[in-house]
Structure formats: C-alpha cells, structure tokens
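Data block below; observations after.
The values are calculated or read from the model by the stated rules, or taken from the named source; none is laboratory data. Worth saying up front: this structure is predicted, and the values here are computed from it rather than measured. No Cβ is skipped: glycine too gets one built from the backbone with ideal geometry, and neighbour counts run over all protein chains shown. All accessible areas refer to the heavy atoms of the entire protein, side chains included, with ligands and DNA or RNA removed. Shrake-Rupley method; radii C 1.70, N 1.55, O 1.52, S 1.80 Å.
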Amino acid sequence: MRGYLRFALKRLLQLLAVVFAGISAAFFISHLSPISPVESIIGRVSGQSSYSPQAIQSLRDTLTELFGLSVPLHEQYFNFLGRFVRGDLGPSLIAFPTPAMQLVMLALPWTVGLMVVQIVIAWLVGNILGGLAGYYQNSRFLKAFGIVAIGIQPIPYYIVAFLMVIVFGFLWPVLPISGGFAMNVRPSFTPEFILSVLGHSILPASSLVIVGLGTWFLGMRALVSNIVTEDYVTYAELAGVRQQRIVFGYVIRNAMVPQLTALAMTLGAIFSGTIITEQVFAYPGLGSLLVRAVNGGDSAVVLAVSCIAIIAVATAIFLIDMIHPLLDPRVRAE
Amino acid sequence: MADILTVEHLKAYYLMNYFGITREVRAVDDITMSVRRNEVYGIAGESSSGKTSFIRVLAAAIRPPLRVVAGSARYEFDDRSIDVANAGPEAAEAIRWSHLSYIMQGSMSVLNPVRRIERTFEDFAARPLGLSGRALRQRFVEHLGRLKLPPEVLRAFPHELSGGMRQRVTIGLATIANPQFIIADEPTTALDVVVQKDVLSLIRNLQKEMGASVIFVTHDMAVHANMADRVGIIYAGRLVEEAPTRQLFTAPKHPYTAHLVASLPRIGDTTQRPALEGRPPNLADPPQGCRFHPRCPLAIEKCRQEVPPLATVAPDQRSACWRWDDVVPLPGSIPAARVPEPVR
Amino acid sequence: MFSIFRDLVRYNIEFAIGVVLVGSITLFSLLSFFSPVDPTMIYVAIPDRPPSFEHLFGTNSRGQDLFWQLTFAFRNTLYFGLTVAVLSRIISITVGLAAGYLGGWVDRVLMFFNDIFVAIPIFPILILFYFVMRSNLDMFTLALIMACFGWPFDARLIRSVALGLRNREFTRQAVFAGMSPLKIMREEHLPYVMPIIFSTAMANMIWSIGLEVTLAVLGFTNINIPTVGTALYWANSHSALVVGVWWWILIPVILIVLTFLGLFLLAISLNEYIDPRSRLRRMGV
C-alpha cells in the first residue's frame, strides 16, 4: 500500500508540473502575440462605425485596464496565476459580463459526458472485439470487421461527423443533428429532459465511437496476435485450459495493460476529436464554445478553454495512471 | 505390458508459402520408436534437428504450418488408448493433463504474469482432477509440499518468486494431476548447475513416486547420463540411434552419437576432441541418402545414395548406419569401466 | 532496398493498394505545375457547373475550375504533411536516440518533457495560436507548431528501440572492436530504425493533414491558400450542399479519404513487414 501511495504522490507532482507548464504556455502564447487584443477590438469596432479620437482613446484605456495590460508582462503573469487559482479569468466578451470561467464550466460537463461515453464504448468494445479477432483468426465476421475498420480508421473526426450530418440531416432525418437537447425542453432532472439529452447525444457519440472503435480494434488485434505466441498462452493451451478462460484471462487481460497506456497517450487526441465533433453538431460543449469565442475575438474565453482543456486531459491521464497498477501486478512491485 | 507410447513412421512437415515461394520443411521424417512403462526416455539432438517438432506432435500440440503428414503416435493409458497424431481435438482434450502433461522450457515466461499461482493451478488442474473449492486447494498445498514449496506460494504472482521456485511451480503444475506420461522439453536449459541438480532430482523422485513414463529432451548429454534409461538420438528429423544409456555411452553404433558422447569434458582430461565438420542440414532440402553423410568421417558411396534403415544391431540397440560395425568410441569418451550404473 | 519494395508490392496487397493510392494522388497534385489557371483568381469560369468534359470536376460557386483548384490544394496539403513529417522526424529521432543511447539524467529530462507534450491537447493550443496570429499564420508556421507536437510518440518508440539496440550483443561487439559510436549508429543501427521512421512518418502525415483539414474547415487557417481544408471551408461557407453543388464537397472528401487510406495502408503494411513475428504468421498456409 505504501508503494502505491508513493507512486500516486509522484504522479500527482507530475500532474501539477504538467498543468503549470501548460497554462503558462497558454498564457504566454496569448500574451506574446504581435497582435494586441486591444488593438484588434478597436480595429473591429472602428471599422463598423466612426468614433471620435477621444472615444477611441478612452475605449483603449478601458480595454487595457480590463485586460490587465497596463502592467509589465511578468506582473501580468503573476496576476494571472493568482487569479487562476481562484478560478477567475475575467469576464467573457461574447456573453459580457458573464465570467469566462462560468461559461467554460457550463460547457465542460457536456464534453466530459461525450468523452466518457466514447471511451467506454470505443475502447472497451473495440479492445474486446480486437482481442477476439486476434485470437480467432479464422472468424469471417471479425475479418470483415477488420477490413471495415481499416477503411474508416484514417478518416479524421471532422469528416465522419460531417458525413453523419449529411446522412442523418438530409437523407434520413430521424435523429437530431444539433444542440444538446430540444429547444423547448427546460433543463431539469425530468425524464423528458434526460431523454432529450440522450437523444441528442446519440449522433455525436456515435460519430466519435465509429472513429475510435476501429482504431482500438486494429491495435488490439495486432497486440493479441503477438501475445498468443507467448509461452504462457502456449502452455495453457497445451494443458487443455478452457479456451474461454485463455482468451479472457490470459490473452486479453495481458493485452489490456499496454492498451491502457495507449489510451493515456492518445487522450489528448481523443479530446481534440471530441471538441471538433461537438462543433459540427452544435453540441453545447467546449468545442462550440471555443469556436464561438475565436470568432468573437474573446481572448478570455479562449484562454479559459485552453487552460481547462489542459487540466482536464492531464487529470484524466493521471487517473488512468492510478488504475494502471491495479491491472498490472508487476507495476505494483516498483 | 504394452508400451505406453508407440510411434510408427511418423512424419510431420512445415508447409509454408511466403512471397510466392512454397517450402516444405521435413521436421519429423519417418520416426519409429516406443517408450516403455515406468521408463525415462531421453531424446538428444542439436537445435533445429526436429526434436521440438517431434515432441509437439507427441503432446498433441501442433498448429499450422506444422502438420502431421503420415504415421501414428499411440498412447496406451490405463483406461483408454489414443493416437494423438490422428485424433480429433476432443479426444486430445480428454487426456490433456490428466494422462499426458508437459514441462516446458523456460520457467521465466510460462506462467501468466497477471494471475496468482493459485488461479493458474485452478485453471490447469480443476478439470483433470475433478475437484473444486477446499478439496482442490488442499491438493495444491499437498503437492507443493512434495516440491518443498510453502503454501504462501499459492497467493503469489509469478514475478514475486525466484527462478528456482518458478521452475518448481512449473513442475508442480505438470505433475499435479498424476499423469501417466510426461514430456519434459529442456527443463534445465539456461538454469545454473546448482538449480539444475535440484530440478533433475525433483523430476526423478516424482517419476519414481508416480510410476509415470517421461520423455526427456535435452542437448546436454550429461543430463541424459544422469536421468535416462534409454536414449534416442535425433538428427535432421530422423532417429539415428537408440540404446540403453550405458550402452550408448560406452558402445555407440553411429558416428554422430560417437561424437556427441565424446564431447563431454571431464576434469583432468586434456584429450583433444575431434570436431564435426559442416553444419546440420537444411530440413527443407536435406541431403540424399543418409542425412549425416556430408559430415560423417566414415561415409562411403552407399551412404550418399541409400537411406540406412534403423535396424537392431545389438541387444535393445538400434542404429541407422551402414557402417555401424565400424563405429568405435572416440578419444575423450568415458571408458566403459568408468560409466556408472544408472542412478535409478 | 528496391527488392524489398518489389516484394512488398507483389505479395502484400495492402502495400500495393497503398502505393497505388498515394502514387495517384501525388501524380494528381503534380499536375498543378502544368495548370493553365491561376488558383488565386476567382470568378474566371462559369460558377456551379457540374462535372463535364470541359471541367472535369465541375466548377465551384466562386467561379473556379474545381479540377485545377484541387491539384493545387493537394499539392499544398501534401507539401504541408511532408514538412511536418520531416521536421517532427528530426526532432523525434534526435530526442529518441539521445534518450536511448545516453540514458541517465539526459533520458529523464527528455522523457519529462515528452510526458508534458503528450498530456497537452494540441487542438486548443492550435486554436490559441490562430487566435493571436490570425492571418499571419502561414503554412510553414503552422507546420512548425505541429511538428513541435508531433514528436512525442515517435520519440518514445525510437528511444525504446535505441535502448534495445544498445544492449544487444552485436552492439557490444562493435564497441569492443573499436567502432566509433557514430559509425555504429550509422551502419549497425540505422537499418533497424529506418523502417520504423518511414512507417511513423506515414502515420504522422495522416495526423497532421487531418488536423490541418479540420482547422481549415473551421476557418482557422489562412483561407486564401488553396488546400484541401480551405476548399471545404469555402464549400461550407457557400452552403454548397444546400445549394446543390454537391461535387464541391464530395470530390475533395473522397480524394482526401483515399489519400488517408493509402497512407494508412502503407504504414500498417510497413509495420507488419518490420515485425518478424507478423511475417512468420503470414507464412503459415
């Protein structure tokens, strides 16, 4: 137990380091740009109608104050860190004066929901099917599935989502293609709302699962094809151990371990794919928020989303790392 | 009493097709032999001589591209008889572990790393023993005791045990269901000598207790001298000589055997040992006639053209050589007077 | 080298299909050098014409011939993918080999950075860059940023290969024989590492082009440079599907999917070829 706690502590420190590095990077990227956010807003505003020079100047002063740009950069950085720990990233522009963090927190559960659903289905089911395919090399169904997976796997998330919109929006409109829930339903814990939420999540989730399932299937199949040549599998077969026991207890169980590591490594990509898909389906998660913020020139929200994204992914990786020793007893010994 | 295993004209080949080239590797090419009850039969041969493929057939554990092409390998157990070379999977499953078991090479990796020893034992032994729950566990503890392993081993994971303990566990796994026939595939290779001695005496004691027959495969002639009642020498997929151990060492009747036997070094003996020229043949394209002729110091024209049959040349001794009569022990062999009686 | 290529094409169907697909797309993009039209000009042809003999892929709503437009689009996109692949190979090989060979604190520091880069999701960062740079974000800068994020996986892979090679017998023998480390790396180890580099380069191209297409479709790159992504962006902003100009969407999508498929097939068939165990499995009749 003590070893596990020490391991957890080490990983926790690593998590904090990653988060710190990530949000600092995000801060510096957004503040070291050659384009000043103040000037770009001024440019946009004055392009739409004309203002007197004094009005422009007072606007400039107010904005500079608002963005905290009146102090030198390193002071801005410390201000930023201080405010960040308190969860304050300033007001948003697209929904002024709602705080940026609040917008992000409203959108976060939707994204997390999609991610959990697609990971559970795509990773779990994909791995099990891939494991069976790797062991039962002669199954025609699994071989066909493999070919389909190869065909779908390289297609980027956006295009799959797009194709789904085409199919279910124009050709066969049976499922809702936008929004998180129907417009006339009020958000509350009623069955009506919950059903509406589930219904609206089917398409985005399916789009994500389609892309992900193939990837895990192929990876697992390749992994398992190598594991079946391992001595302990051959020995169990030699001994007449029940085939079902071998497939699940010996082969898949051992292959899950590197697949869990792979999941941790690709979580960043999965997250990116999720928020891209959200945007296509106008799903009220971080993806749609981000695009809206960029188009609206709202740097506070963009920064907020970036920071939360970094924290979310890093935390998810940390949690997966915590599960790892439970699956692999060899790691426990370290 | 009938022999427990009778192999007749067994042939097993690898049939492969890669990048348009078809290859037929004759790993087991017409082997006929038998193992008696309560006997330890040693099989010696170089790597890629086909001995591993041979015992895989005997263990009913071959998979494509290795296939049995001809012949039979029949076991006569107490309650049933089965030809594993031609039997279906159900018949083979019925004898696995309860009648026929296997000790594999390499104790490092034969145990499932994510499963506790106890569960692995359950996987292997529950079906053949027909027990479960407490009775089963009791059996395990008893058996581990015979192997001088403490009951705590059951709750451990493989990586928590030392190499020697793992090897004992593996032997325990193979013997828990009291099989009548055990195939041991190089169980002591890559073990240091001290552990080797332990493992060998363990196998010997278990064999005596259970009255089982053992086929013991190793390229180490010293181990054969210690363990085997009879030894069979396999070269290039064929059995080239077979004799009781003592006879084999003191009066080999095949040039290859003579070299093998002479290769054992002894303290104080500085005789130069003649090395065999050449390399083992490619089993996809073996030489005509006697497969050993390219390297044989006694080879004559007949050897190049006709395959010598495995014929009985002395009491209980067979040799596949046209010139068996001219084979003499080479310098460096242990003189007859010095070969101890078998330890059993 | 060439004989391996020939064998793979003849006997590995996936490799053959991959070569055909990627080859055709490359040829297609090379046609752009012979294009009679200037891709940056708009309204030079009758807009919204379906595919015909005059305009092989039809024309789009901006009055451009889609065929020649796409040749430029694919040329830029492939060029982008190659740039990212080459740049990230350089980084990942350097990091991977250094970490694997030198070990010790060098290894720990590099892997620490590696883990950080793995944990940071790239998409929000890219958007952040676009947000601050707007139209200053040209192809090369974008490629540079992506290369900075595309190296972690492959660096780890190369590191583990380097670790394995370092401890192998033949390396020790070469060291004892007095071969200089650089010579060892070049002559003994590179043949092992090269196939891995090729196959990961393919996967990297799929990843970077996919990301570029995604960004461009959202309008987050320089939309005046013709790439596959920007073509889709313009198609979207002109509501191509609704208006009925389906070829503007469908043809680029089909072509890019074929490109990805080709690259993917190359990557997995190379991967399978490298791994001797999978080669053995293919041998069983």
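Results, tabulated for the structure shown:
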quantity	calculated
Check on A:PRO258, closer than 20 Å to A:GLY113 by Cα, more than 9 Å from chain B (Cβ to nearest Cβ) and open to solvent by 10 Å² or more (accessible area, probe 1.4 Å)	no
Filtered residues of region B:330-341 (kept if at pLDDT 65 or above and in contact with a Ser or Thr (Cβ under 7 Å, 6 or more places away or on another chain))	B:PRO331, B:GLY332
Residue in region A:223-231 that is more than 14 Å from chain B (Cβ to nearest Cβ) and in contact with a helix residue (DSSP H, G or I) (Cβ under 9 Å, 6 or more places away or on another chain) present	yes
Candidate set: region B:153-165, residues that are within 12 Å of chain A (Cβ to nearest Cβ) and within 11 Å of B:THR120 (Cβ to Cβ); chosen: the one surrounded by the most Cβ atoms within 10 Å (Cβ to Cβ)	B:PRO158
Subset of region C:113-131 that is open to solvent by less than 20 Å² (accessible area, probe 1.4 Å) and touching a residue at least 40 places away in the same chain (Cβ under 8 Å) - its residue that is farthest from the other protein chains (Cβ to nearest Cβ)	C:ASN114
Members of region C:132-163 found to be more than 11 Å from chain A (Cβ to nearest Cβ) and among the polar types (S, T, N, Q), listed by number	C:THR141, C:SER160
Boolean, B:ALA92 is within 14 Å of chain A (Cβ to nearest Cβ) and either assigned to a strand (DSSP E or B) or in contact with a Leu (Cβ under 6 Å, 6 or more places away or on another chain) (or both)	no
Lone unmet requirement of (1) out of contact with any strand residue (DSSP E or B) (no Cβ under 6 Å at 6 or more places or on another chain); (2) surrounded by 15 or more Cβ atoms within 10 Å (Cβ to Cβ); (3) modelled with pLDDT of 80 or more for C:GLY63	(3)
Close pairs (7 angstrom Cβ cut-off, 6 or more residues apart or separate chains): facing chain A (nearest Cβ under 10 Å) in region C:203-214, among the hydroxyl-bearing types (Ser, Thr, Tyr) and assigned to a helix (DSSP H, G or I) anywhere	C:ILE209/C:THR77; C:GLU212/C:THR77; C:VAL213/A:TYR158; C:THR214/A:TYR158
Qualifying residue in region C:138-147 (condition: at pLDDT below 85 and out of contact with any helix residue (DSSP H, G or I) (no Cβ under 9 Å at 6 or more places or on another chain))	yes
Every residue from region B:202-214 that is assigned to a loop (DSSP other than H, G, I, E, B) and in contact with a helix residue (DSSP H, G or I) (Cβ under 9 Å, 6 or more places away or on another chain)	B:ALA212
Matching option when the condition is touching a residue at least 40 places away in the same chain (Cβ under 8 Å) and hydrophobic (A, V, I, L, M, F, W, C), among A:ILE194, A:ILE166, A:ILE155, A:ILE159	A:ILE155
Sole residue being of a type outside the set (Gly, Ala, Ser) and touching a residue at least 60 places away in the same chain (Cβ under 8 Å), chosen from A:VAL247, A:VAL233	A:VAL247
Residue count, region C:1-25 (criterion: touching a residue at least 40 places away in the same chain (Cβ under 8 Å), away from every other protein chain (no Cβ under 14 Å) and either surrounded by 15 or more Cβ atoms within 10 Å (Cβ to Cβ) or not in a helix (DSSP H, G or I) (or both))	1
Helices (runs of 4 or more DSSP H) enclosed by region A:44-122 - at least 1 residues per element that are modelled with pLDDT under 80 and surrounded by 15 or more Cβ atoms within 10 Å (Cβ to Cβ)	A:53-67, A:73-85
Strands (runs of 3 or more DSSP E) lying entirely in region B:1-82 (those with 2 or more residues that are modelled with pLDDT of 90 or more and open to solvent by 60 Å² or more (accessible area, probe 1.4 Å))	B:5-18
Per-region count, region B:181-211, residues closer than 23 Å to B:ILE234 by Cα and among the small types (Gly, Ala, Ser)	2
Those residues of region C:221-240 which are buried (at least 24 other Cβ atoms within 10 Å of the Cβ) and facing chain A (nearest Cβ under 10 Å), in sequence order	C:GLY229, C:LEU232
Residue match in region A:146-158 (condition: surrounded by fewer than 17 Cβ atoms within 10 Å (Cβ to Cβ) and more than 24 Å from the chain's Cα centre (by Cα))	yes
Criterion violated by B:MET104 - all others in (1) out of contact with any Gly (no Cβ under 8 Å at 6 or more places or on another chain); (2) surrounded by 21 or more Cβ atoms within 10 Å (Cβ to Cβ); (3) within 14 Å of another protein chain (Cβ to nearest Cβ); (4) at pLDDT 85 or above satisfied	(4)
Of all residues making up region A:296-334, the number that are of a type outside the set (Val, Ile, Thr), open to solvent by 10 Å² or more (accessible area, probe 1.4 Å), more than 8 Å from chain C (Cβ to nearest Cβ) and part of a helix (DSSP H, G or I)	12
Test: residue in region A:281-291 that is away from chain B (no Cβ under 14 Å), surrounded by 21 or more Cβ atoms within 10 Å (Cβ to Cβ), touching a Ser or Thr at 6+ places or on another chain (Cβ under 8 Å) and of a type in the set (Ser, Thr, Tyr)	yes
Near pairs, Cβ below 7 angstrom, 6+ apart or cross-chain, from region B:294-315 (within 27 Å of B:GLU8 (Cα to Cα) and of a type in the set (Val, Ile, Thr)) to any residue that is open to solvent by less than 90 Å² (accessible area, probe 1.4 Å) and part of a helix (DSSP H, G or I)	B:VAL313/B:TRP324
